[in-house]
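Every number here is computed from the coordinates shown, using simple stated rules; none is lab data. Bear in mind the structure is a predicted one, so any value in this text is a computation, not a measurement. Neighbour counts are summed over all protein chains in view; Cβ atoms, including those assigned to glycine, are modelled from backbone coordinates with ideal geometry.
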Amino acid sequence: MYLKELEINGFKSFAKKSNLSFTTAISGIVGPNGSGKSNVAEAFRFVLGEQSLKNMRGKKGEDLIFTGAAGRENRGAVKVVFDNKDRKLNIDYSEVIIERVVSRDGTNEYMINGSKVRAKDITELLSGANIGASGHHIISQGEADKILSINPKDRKNVIEEALGLKVFTIKKYEAERKLKRTNEHLAEVRIEQKTTAPRIKYLKREVEKMEKARLMKDELRDLYKMYFPKKRTHVEQNEQKQKEIQLLQQQIDAIGQQVAGLQTELSSVTEASGVEQKTQDLVVVEKQLQEVKTKKASLEREIGKADARIEIALENKQRYEVYLNSQNDGEVIEKISAVLHDIWIRWAKKILSSEQISQERKDRWEKQFVSYGQLTEDQKEEDRVLAREVEKAISGTEQVSAPTFDPEQLVALETERNRLNEEIKQLSTKEAELENKRDELDDIRDSSETVGQKVQIEILTLEKKKSELLGSLNTAKLQGQQISQTLHAFDTQEAAARALFGEETNTFFVANDSNNSDLNVLEKIMRLRVLLENGGVSTSTDVMEEYKKLTEHKEFIDTEIADLEKTAESLLALIADLSEQIDVRFRKGLETINKEFATFFSTLFSGGKGEVFLVDIPLKRESEDDPQEYELGVDISVALPNKKVRGLSMLSGGERSLTSIALLFAMSAVTPPPFIILDETDAALDEANSKRYGDMIELLAKESQLILITHNRETMSRAGILYGVTMGGDGASRLLSVSLEEAESVAK
């Protein structure tokens, strides 16, 4: 890659199109003071993207456009042409033409090979080839000393650019700028997320309620479709029930009229026959007869108890006699068994005669009424077992003991029984008398009631029928009320259904095959209605729409946050990687620059020592409690031969120029740019130093094209082509190609 041509048109003092072709390694531009030759260097700055008007000796955009006696241009343009066959410029063209145009309104246009681009695009393209609008490869008159006078931090930046690290710093700056925008955007999005979250949460609850209400409403719709079709049946039942009630009432009223007539007839019959008095007498006799029967039954129970006690006494007597007449216990048990058997037969016969026993049982018992001697041996053994148990219960021992017997007690018991039998006999006589009297009264009443009996029976029959009809009427009315309540419930539910479903309710009355009972369905309907009414759910579609939009927006925000966080992580990683690359390349490059600077310094000063080195620059702390942080800078130390000069501040003007030239040349030697423009950097050099300067120029020309703007004859002698710049009375600069001798005469 090399610089082929520069075209200037309307820029600063160049009113007309002027072309400079650079066909040699070193090109010189000469001319008297004020001719505009330094405007060539500024034309380079301009076309390569310089944005500072101060660096181009202007205050506003129109200061860069020609204004003079020759006329007034409306635009200033500069075009530079590069040979790019080696593709050092990262663009797929063998020849690259960069053009910049400024108008009087201050607007700028940038073009690459005729296509409009941004200033940023030109800067990025050139930075890849270690070219920039300002820097070590374009050094104007008086700027050489700048590398010495600037602070360590700015000096580090200049050296970074000279080392070709600008492309990395641009990328790092862009990454940091993007990271800042990303973090700002991320903060804004998170605020928006935080702001909308409560609303989404509220709307979500509302939508869930609405969805639940919708499901309940769908269920309620289905229930109504099962419930309402049955209303027709209940309406028909109600009509039938009302007809039934009306008919029953008519029948009851008719019977009432019949009963009223019969009661009038019966009253006349009763008064004539005196039946009422006879009835009262009969009631008295019936009462007395009942009292006698009650007392007689009580005495019979007492006789039963007396008989039981007598039987026990007789049993003891028999056991006593058996015991006295027996020789051993076995004989006693045998006789006791026979006695017990006889007692059982006697009691059984008494029960059969006094109790209502079924014939089947009587027949079965009578077959067993045989004497003890007629029993089988097995049956006797069963009685012996029973006898032993009785004996054991009485004596408390398995052995047969002597029984006790009190004859006086037996006599007393029999006397008491005889007394009770006598009293029962008297009551039986009185009972017979009362029964006779009752029969007489019955006969009298029957004879007197014969006339009105049929009437009374008829009344009773009618009353019974009326009572039955009244029961049916009450039942019918109750059923009618239930049907009315059911129909009222239908009306209530229909009103509620229309409030919820509107005209759709009309479709709920179509018959279906549901077997659910009305009550079961109604209970479910009432429960769902209560749930819907108590839910307080909004039915507005705006809520659903808002929730849908906010949910979609939330998903977008969540995705955006994730993307921004991922972008921030990538940018942080990129910044860290670029920082590391810049630091590694810078340290390595500074080490090489230091070696070259020592060589150039020793050459220019015929000895001595020059050194560049890193220093830590403390950063300002916000508070004393904050830890101290540092940033890197570059400092310079020099030691002149045969002098005690140890610092830059002690150098003379010429010495400072040589020192700055040594450093600038060292920087260019490490990472040679495609071209270097030196604008009268040799003005302060004497003849001896001018020769050393010329020698170093020739060394640099082996790596970079040199464009020298100079008055120095020694410097001119090193150029392969010279361009002369003159200015006429119209204030416009003109170019001409001159020989070295002509250049020398013009320079004088």
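A few points about this structure:
- Averaging Cα coordinates gives a centre for the stretch 1-74 and one for the stretch 688-705; these two points are 25 Å apart.
- Anchor residue 156: aspartates and glutamates whose Cα lies under 19 Å away (excluding residues fewer than 8 positions away in-chain): 143, 145, 580, 583, 591, 596, 611, 616, 629, 631, 635
- Gained length - residue 688 relative to residue 202, 0.36 nm times residue gap less alpha-carbon distance: 166.2 nm
- The phi-based Karplus calculation (6.51 cos²θ - 1.76 cosθ + 1.60; θ = phi - 60°) puts the 3J(HN,Hα) values of the stretch 215-232 at 5, 5, 5, 5, 5, 5, 4, 5, 5, 4, 5, 7, 8, 5, x, 7, 5, 4 Hz, whole numbers, x for Gly and Pro.
- Between 0 and 90°, nearest 10: helix 653-670 axis offset from the chain longest Cα axis: 60 degrees
- In nm, spacing of pseudo-spin labels at residue 614 and residue 379 (7 Å Cα→C-beta vector): 13.7 nm
- The alpha carbons of the stretch 606-656 give a radius of gyration and a Dmax of 16.5, 51 Å, in that order.
- Residue-span extension gain [residue 456 to residue 173] - 0.36 nm each, minus C-alpha spacing: 89.2 nm
- For the stretch 105-118, Karplus couplings with θ = phi - 60° (6.51, -1.76, 1.60), whole Hz, Gly/Pro x: 7, x, 6, 10, 10, 10, 9, 10, 6, x, 9, 5, 9, 9
- Alpha-carbon gyration tensor eigenvalues x 5, square-rooted, for the chain, Å: 149, 46, 20
- Two-site FRET efficiency, residue 726 against residue 23, from Cβ-Cβ distance with R₀ of 25 Å, rounded to 0.05: 0.70
- Positive dipole terminus of the chain, leading residue within 484, 472, 607 (C-beta point charges): 607
- Full-stretch length increase - residue 643, residue 542 - with 0.36 nm per residue and alpha-carbon distance subtracted: 27.4 nm
- The helix-based estimate of mean residue ellipticity at 222 nm for the chain, built from -39,500 (n - 2.57) per DSSP H run of four or more residues and divided by its residue count, is -22500 deg cm²/dmol to the nearest 500.
- Backbone amide hydrogens, once placed in the peptide plane, bring residue 140 within less than 5 Å of 679, excluding anything fewer than 5 places away on its chain.
- On the basis of the beta-carbon distance and an R0 of 51 Å, residue 253 and residue 219 show a calculated FRET efficiency of 0.50.
- For the chain, the longest principal axis of the C-alpha atoms and the axis of helix 518-535 are separated by about 40°.
- The angle between the Cα long axis of helix 275-325 and the longest principal axis of the Cα atoms of the chain comes to about 90 degrees, rounded to the nearest 10.
- Sites residue 499 and residue 72, calculated FRET efficiency, Cβ-Cβ separation with R0 60 Å, nearest 0.05: 0.10
- Selection of trypsin sites (Lys or Arg not before Pro), the stretch 691-728, meeting DSSP coil and at most 12 other Cβ within 10 Å: 702
- Under the Debye formula (equal points on every Cα, no solvent term), log10 I(q)/I(0) of the stretch 617-707 at q = 0.10, 0.11, 0.20 Å⁻¹: -0.42, -0.48, -1.02
- Order of 137, 488 - criterion: other Cβ atoms within 10 Å of each residue's Cβ, fewest first: 488, 137
- Cut-off under 5 Å, modelled amide H: who pairs with residue 4 long-range: 81, 82, 83
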